[in-house]
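Read the structure below first, then the notes.
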Amino acid sequence: MSFWGFLVENMQTFYSFTGIANATMGHLIMILVGLLFIFLAIKYEFEPLLLIPIGFGMLIGNIPMLNGMQVGIYEEGSVLNILYQGVRQGWYPPLIFLGIGAMTDFTALISNPKLMLVGAAAQFGIFAAYMTALQLGFTPPEAGAIGIIGGADGPTAIFLSNRLAPHLLGAIAVSAYSYMALVPVIQPPFMRLLTTKKERVMRMKRPRQVSQTEKIIFPIAGLLLTTMLVPPALPLLGMLFFGNILRESGVTKRLADTA
């Protein structure tokens, strides 16, 4: 074989291993969606703590790979595949909820329990999405996984999708977080439509002073009440309330900061 023939053959072999040679339209679309998430997070500050990690993760997860290299996310035994098991097996949503609990101040809710009705009303979106998915021909488990998007909660959508419809996990995760990120765009028109200008500039009363004892009792009572009624919610709500009591106990500040 001549030198030039040898060079061309090696260049062809090199090219076959590149992401360019192995790219599909699906890879390119998901990379564009990842770039959009990063853009929205940085330019408009739409859920940056969520969208930057997710968007960059989408870039990593959609770099085209030649099978057999033991590098890609979906190849058994690769480092990225081991990390991906945290998504497949539902390790990450409880950890996210631990951090959310450690960051959340429930003072407004404790001082005015009627606010729970606002949160409960938001869950009607779950049932609307569930019934719509059934009408579109999805199976009940698939419709349940899709319906949870209506609750506007990304970690819960990922957690439930893993159990009910893992084959829809990617689409549900993208839909849930796109929806959450666009809430600042979606809400204002409806607020203007359903309220008057006078109502929008109304100042809410300051919440009453909540004692530390109440703040400590809240995560304990919340855990027992919710998980005794719905035990399968324990991985998420258990971690949420655990993170919150780390915050409110006053004696575990380093653990709360770490969470």
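The values are calculated or read from the model by the stated rules, or taken from the named source; none is laboratory data. Note that the structure is predicted; figures quoted are calculated from it, not measured. Reconstructed Cβ throughout: ideal geometry from the backbone, glycine too, with neighbour counts over all protein chains shown.
Output the residues belonging to the range 63-103 that are more than 17 Å from A157 (Cα to Cα), under 22 Å from the mean Cα position of the chain (by Cα) and among the hydroxyl-bearing types (S, T, Y).
Of everything in the range 63-103, just one residue is more than 17 Å from A157 (Cα to Cα), under 22 Å from the mean Cα position of the chain (by Cα) and among the hydroxyl-bearing types (S, T, Y), namely Y74.
Go over the candidates R254, R247, R192, R206 one by one and state the one that is at pLDDT below 85, over 30 Å from H27 (Cα atoms) and not hydrophobic (A, V, I, L, M, F, W, C).
Unique residue meeting the criteria: R206.
Going by the structure shown, is F39 aromatic (F, W, Y), more than 22 Å from I96 (Cα to Cα) and surrounded by 10 or more Cβ atoms within 10 Å (Cβ to Cβ)?
Values: aromatic (F, W, Y): yes; more than 22 Å from I96 (Cα to Cα): yes; surrounded by 10 or more Cβ atoms within 10 Å (Cβ to Cβ): yes.
So F39 fits the description; yes.
Would you call G119 surrounded by 14 or more Cβ atoms within 10 Å (Cβ to Cβ), modelled with pLDDT under 90 and in a helix (DSSP H, G or I)? First the steps, then the outcome.
Details: surrounded by 14 or more Cβ atoms within 10 Å (Cβ to Cβ): no; modelled with pLDDT under 90: yes; in a helix (DSSP H, G or I): yes.
Here the answer is no, as G119 does not meet what is asked.
For the range 122-140, which residues satisfy the criterion of being assigned to a helix (DSSP H, G or I) and among the hydrophobic types (A, V, I, L, M, F, W, C)? Quick ask: steps written out before the conclusion?
Filtering the range 122-140 for residues assigned to a helix (DSSP H, G or I) gives 122, 124-135, 140.
Once the filter is applied, which keeps residues that are assigned to a helix (DSSP H, G or I) and among the hydrophobic types (A, V, I, L, M, F, W, C), the range 122-140 yields A122, F124, I126, F127, A128, A129, M131, A133, L134.
Filter the range 180-219 for residues that are among the polar types (S, T, N, Q), under 28 Å from G151 (Cβ atoms) and loosely packed, with under 11 Cβ neighbours inside 10 Å and give the result. Even if it seems obvious, please write down each step before you answer.
Filtering the range 180-219 for residues among the polar types (S, T, N, Q) gives 187, 195-196, 209, 211-213.
If we keep only those that are under 28 Å from G151 (Cβ atoms) as well, we get 187, 195.
Within the range 180-219, Q187 is the sole residue that qualifies.
Would you please name the residue that is nearest to D257 (Cα to Cα), looking only at residues in the range 72-99 that are in a helix (DSSP H, G or I) and in contact with a helix residue (DSSP H, G or I) (Cβ under 6 Å, 6 or more places away or on another chain)? Walk me through it before giving the result.
Narrowing the range 72-99 to residues in a helix (DSSP H, G or I): 79-88, 92-99.
Subsequent filtering for residues that are in contact with a helix residue (DSSP H, G or I) (Cβ under 6 Å, 6 or more places away or on another chain) retains 86, 92-94, 96-98.
Working: G86: 22, Y92: 18, P93: 18, P94: 17, I96: 14, F97: 14, L98: 11 Å.
That would be L98.
I want to confirm something. Restricting to the range 52-75 and keeping residues that are surrounded by 15 or more Cβ atoms within 10 Å (Cβ to Cβ) and small (G, A, S), which single residue is nearest to T18 (Cα to Cα)?
Taking the candidates together, the pick is G72.
Name the residue, out of A23, A102, that is of a type in the set (A, V, I, L, M), surrounded by 16 or more Cβ atoms within 10 Å (Cβ to Cβ) and outside the structural domain of L169 (by TED's automatic domain parsing).
Among A23, A102, only A102 is of a type in the set (A, V, I, L, M), surrounded by 16 or more Cβ atoms within 10 Å (Cβ to Cβ) and outside the structural domain of L169 (by TED's automatic domain parsing).
How about the range 76-91: which of its residues are modelled with pLDDT of 80 or more and β-branched (V, I, T)?
V79, I82
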